[in-house]
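**Student:** I have a structure I would like to understand better, so I am pasting it below and will then ask my questions one at a time.
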Amino acid sequence: MTLDDNTQQQLVESAMHARQWAYAPYSHYSVGAALLTASGKVYEGINVENAAYPSGVCAERVAVYKAVSEGEREFVAIAVVTENAVAPCGFCRQVLAEFGVDTTVIIANGEGQIACVISLKDLLPGAFRSEDLPRATP
Ligand code: THU
């Protein structure tokens with residue numbers, strides 16, 4: 001699904017707003033995310049790091065988990081804001097793919113400038129999904 005420019009920019013603004021709350025005392029790399037659901041709601045997320053490093057979690061997954069825990073299952077787009085406008089990590093791509101590979105990923109920098117708008121299926125080609133599990137009942 002292609003999103004109009006205004007919706008894209010609004011989602012980036014939400015991700016920028018969230019980013020102020022990033023908890024990143026180890027990497028000092030703050031990430032903000034904003035996830036737009038098919039129901040029209042926006043769930044924000046930030047990275048939450050931990051002294052036991054692997055216990056930390058990325059901003060995108062926080063946004064997805066917040067949404068899923070509120071009953072959401074269909075996602076239209078996610079905006080991700082970092083200082084240098086980079087794409088979501090592999091873990092986050094996989095978690096997003098669970099709920100559909102047509103989600104639009106909007107990648108922006110700390111000033112809100114959009115560097116890239118790309119479909120999740122292009123970020124994670126050949127994603128392992130529920131269809132690949134013969135006895136899955138998602
Ligand atoms: N991080 C994210 O929040 N999203 C990504 O897609 C990549 C990395 C976070 C994890 C960690 O807190 C910090 O950025 C540095 O890796």
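The values are calculated or read from the model by the stated rules, or taken from the named source; none is laboratory data. Note that the structure is a prediction, hence the values are computed from the model and not measured. A quick note on method: Cβ atoms are made from the backbone with ideal geometry, for glycine too, and the neighbour counts reach across all protein chains shown. Protein only, heavy atoms only, side chains kept; ligands, DNA and RNA dropped before computing areas. Shrake-Rupley method; radii C 1.70, N 1.55, O 1.52, S 1.80 Å.
**Student:** Taking only Cα atoms of the chain, what ratio of Rg to Rh do you get with Rh as the Kirkwood inverse-distance radius?
**Tutor:** 0.96
**Student:** Let me ask you something else. Considering only protein heavy atoms, with the full assembly of protein chains and a 1.4 angstrom probe, order Thr103, Thr2, Thr7 by accessible area, largest first.
**Tutor:** Thr2, Thr7, Thr103
**Student:** Go ahead and estimate [θ] at 222 nm for the chain from helices alone: -39,500 (n - 2.57) per DSSP H run with n ≥ 4, summed, over the residue count, rounded to 500.
**Tutor:** After summing the helix terms and dividing by the residues of the chain, the value is -7500 deg cm²/dmol.
**Student:** What do you get for chymotrypsin sites (Phe, Trp or Tyr not before Pro) in segment 54-138 restricted to DSSP loop and a cutoff of at most 13 other Cβ within 10 Å of the site's Cβ?
**Tutor:** Phe128
**Student:** For the chain, build the charge dipole from Cβ charges (+1 Lys, Arg; -1 Asp, Glu) around the Cα centre, then report which of Leu11, Ala52, Gly32 sits farthest towards its positive end.
**Tutor:** Toward the positive end, the furthest listed residue is Ala52.
**Student:** First measure r as the distance between the Cβ atoms of Thr137 and Tyr53, then evaluate 1/(1 + (r/R0)^6) with R0 = 41 Å and state the FRET efficiency to the nearest 0.05.
**Tutor:** According to the calculation, E is roughly 0.75.
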